[in-house]
Amino acid sequence: MRRLSSCATHTAMFIRKTTHTDKKTGQKYHTYKLVESVRTQRGPRQRTLLNIGKTLDLPQERWKDLADRIESIVAGQLSLFPVSGEIEKLARRYAEKIIRGHGQCSPEILEKKHETDFQTVDINSVDNEHIRSVGGEIVVLETIRELELDHKLEVLGFNRPAFEAAIGVISARLLAPASERATHIWLQNHTALDDLMGTSFESLSQDRVYKAADMLLKHKDAIEAHLRNREADLFNLKENILLYDLTNTFFEGSGKYNEKAHFGRSKEKRSDCPLVTLGLALDQNGFPKKSRVFDGNVSEPGTLEKIVPEISFGNRKPTIITDAGIGTQDNIEWMRSHGYDYIVVSRKRLHEIPIGMDMVPVRENEQRLILAAIRINDDGEMEVYCHSSAKEIKEKSIKTRFEKRFEEALTGIQNALAKKGGTKKYDKVLEKIGRLKEKYRRVSRRYDITVIKDKESENAVSIDWRMKPVDDTSGYYVLRSSRKDLTEKEVFDIFTMLLNVEDAFRSMKSELGLRPIHHQTTIRCEGHLFITVLAYHVLQTIRTKLESQGITYSWATIRNLLSTHFRVTTSMRRSDGKMIYVRKTARPEESHVKIYDALGLDHRPGKTSKILL
């Protein structure tokens, strides 16, 4: 146990103001300290308990109330007289620093760590306070340390306050994703992260939280390169495959101060809001390699040649996997000319199936059967025709629904020919049918439509339609590839890795607070997105390690399970009237132990401290 004094009788606490002179500038400034008067064998003495700092936003006539309230909190006593909310807040802040050992006194070690420690205490005085979550925090913090991100930030010139804020905002994005303002509240009032880091977020300003994002963004390239190399070393990653896709997210506000915010086609059906676009390149294991923020209305195909050259691959270039939105003919030509192999979804609409293809199973489960066949086209490029039973059912259902609507609309035009006031003029009827075919162009091509014209009245007298005998391409799609050394199954398995990017975007949006964006300036917006990418690096590392131990929970589930593990300070009054404060981590539950063991972490993170006041 530690105690703050020995052989001394406490009398009272008070606040002392001291004037100093800056030796360089000659300017005077003040500091404030919480001082305790004590009687010792050598007479009365004064001892500094806490260095408050250069600022104390409280009138001098209220200092005595503040000191008295601090003393009563430390002594575990109720206040005899009510105090204002401002004094109560300051008193609890400063008392907590004293209790947690952040004051000026050097505590005396009274017993060794593993020795028994019997004390006589008043059971009715036992109380718990400063309860903070520790489960998710230790998992995230140790993963950050394993990735050596903490060391990299120090190398990049982050001083101690900036370093602590950066680790704080990254951890908050994983454990309590929200705005920077909410992050600041979480760091100060809900988490034991600072406890684990050996610091305190009590004096952390909200401005420091915002600036942490700015500093991280400033060193974006160096940080991403470091994480890429470290993850490759940790998991022996092979960069044979590069998966690339984009997503966009929306703003809360006008976005007029963000040069990249534009209206466009929102993937979240929020086209009423300005957007920004995030491009992300991943390897086959789902680890990010490079990220970049584009304009909200950016043309997706044009982003590929902007982000891929920023990734260095050495002599062996990977096979690039993209969807149809990026797999344009221009991009295919660019990949060929720069030595990249590729697998992309063909943008060409499939109207007929080549005759004589021998399709083989490449994926089969209870939900679907997927068949594929290889064909070399006239340009010598390999095409893989794929058919999914589940996709066929879905597309046929959609076609049937639209065919029904199309035929109902044709029937309405037909019925109008016999109604008073209905459209009867031949040219007008053709116009209505033309607009209808444009509206339902995916199914209208399957119909032959004939309008019968009365030569005398120049009116249409009837409309006939029938479906053409065309190939049913429901469930089919085509992959284009330069990898002629691969089988149908190998091409399909590599292509389905693109789902890793979709999973990453889904996780960023639902689990890591990517959306919505509250920031209005370009740099703050990009900082917000980059913190989410950094959080995903940590998340993917945790998930990969857990999966190697057979734990396949989502991050949301892991976070919820660990959120019930806490650190707590227990106080009790000893028989001599002094207060004992014990801060330690609660005994873990089975769900906590399972995750800790899989990650090789201690079951009770954080140090146990005992202080006698």
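The values are calculated or read from the model by the stated rules, or taken from the named source; none is laboratory data. Note that this is a predicted model, so its numbers are computed, not measured. A quick note on method: Cβ atoms are made from the backbone with ideal geometry, for glycine too, and the neighbour counts reach across all protein chains shown. Side chains are part of the model used for accessible areas, which takes the heavy atoms of the whole protein and leaves out ligands, DNA and RNA. Shrake-Rupley method; radii C 1.70, N 1.55, O 1.52, S 1.80 Å.
The dipole here belongs to region 519-575: it is taken about the Cα centre, uses +1 on the Cβ of Lys and Arg and -1 on the Cβ of Asp and Glu, and is about 440 debye.
For the chain, what is the accessible area per residue in Å² when the probe is 1.4 Å? Before the final figure, lay out each step's value.
Details: 31690 Å² over 613 residues.
Accessible surface, normalised per residue, equals 52 Å².
Highest-first packing order for the peptide set 448-461, 116-129, 378-391 is 378-391, 448-461, 116-129, based on the mean count of other beta carbon atoms within 10 Å.
Report the net charge of residues surrounding N377, where surrounding means a beta-carbon distance below 9 angstrom and charges are Lys +1, Arg +1, Asp -1, Glu -1. Spell out each step's value before the answer.
On the way: positive: R375, R480; negative: D378, D379, E381, E383.
Once all neighbours under 9 Å are counted, the net charge is -2.
Calculated mean residue ellipticity at 222 nm for the chain: -11500 deg cm²/dmol, from DSSP H runs with n ≥ 4 weighted as -39500 (n - 2.57), summed, divided by the residue count and rounded to 500.
Mind putting a number on the dipole of region 325-381 about its Cα centre? Charges go on the C-beta only, +1 for Lys and Arg and -1 for Asp and Glu, and I need it in Debye to the nearest 20.
Numbers: 7 positive and 10 negative charges, 40 e Å.
That gives region 325-381 a dipole magnitude of about 200 debye.
Placing unit charges on each Cβ (+1 for Lys and Arg, -1 for Asp and Glu) gives region 504-613 a dipole about its Cα centre, and among L546, G513, V582 the Cα reaching farthest toward its positive end belongs to V582.
Summarising the label geometry, the points placed 7 Å from Cα in the beta-carbon direction at S575 and R45 lie 2.7 nm from one another.
Where both residues lie in the chain, what percent of DSSP beta bridges are antiparallel, nearest 5? Spell out each step's value before the answer.
Numbers: 86 of 97 bridges.
Percentage antiparallel, nearest 5: 90.
Per the Cα gyration tensor, region 109-240 maps to an equivalent ellipsoid with semi-axes of 34, 20, 14 Å, ordered largest to smallest.
Computed log10 I(q)/I(0) for region 256-346 at 0.10, 0.21 Å⁻¹: -0.30, -1.10, from the Debye equation with unit scatterers placed on every C-alpha and solvent omitted.
For P(r) over Cα pairs in 10 Å bins from 0, in percent, the value computed from the atomic coordinates appears in the list (1) 3, 12, 18, 18, 16, 12, 8, 6, 4, 2, 1, 0, 0; (2) 3, 17, 26, 25, 17, 8, 3, 0, 0; (3) 3, 12, 14, 9, 6, 7, 7, 8, 10, 11, 8, 4, 1, 0 under label (1). Set the Cα radius of gyration of region 336-452 against 2.2 N^0.38 Å, with N its number of residues, and you get 1.57.
Taken about its Cα centre, the chain carries a charge dipole of about 1800 debye when Lys and Arg each add +1 at the Cβ and Asp and Glu each add -1 at the Cβ. Here the spin labels are modelled as points 7 Å beyond Cα on the Cα-Cβ line, and at L350 and S271 they lie 2.7 nm apart. Among G422, S72, V209, pick out the residue whose Cα is farthest towards the positive end of the charge dipole of the chain, where Lys and Arg carry +1 and Asp and Glu carry -1 on C-beta, about the Cα centre. Of the options given, the answer is S72. Listed peptides 340-347, 29-36, 133-140 appear in the order 133-140, 340-347, 29-36 once ranked by packing, highest mean of other Cβ atoms within 10 Å at the front. Considering only T400, I311, V384, and ranking their Cα positions along the charge dipole of region 310-463 that arises from unit charges at the beta-carbon of Lys, Arg, Asp and Glu, the one farthest toward the positive end is T400.
Other residues whose C-beta falls under 11 angstrom from the C-beta of T569 contribute a net charge of +2, scoring Lys and Arg +1 and Asp and Glu -1.
Relative contact order for the chain: 18 percent, from Cα pairs under 8 Å spaced at least 6 residues apart, divided by residue count. Annotation: peptides 48-57, 244-253, ranked by per-residue average of other Cβ atoms within 10 Å with the highest first, follow the order 244-253, 48-57.
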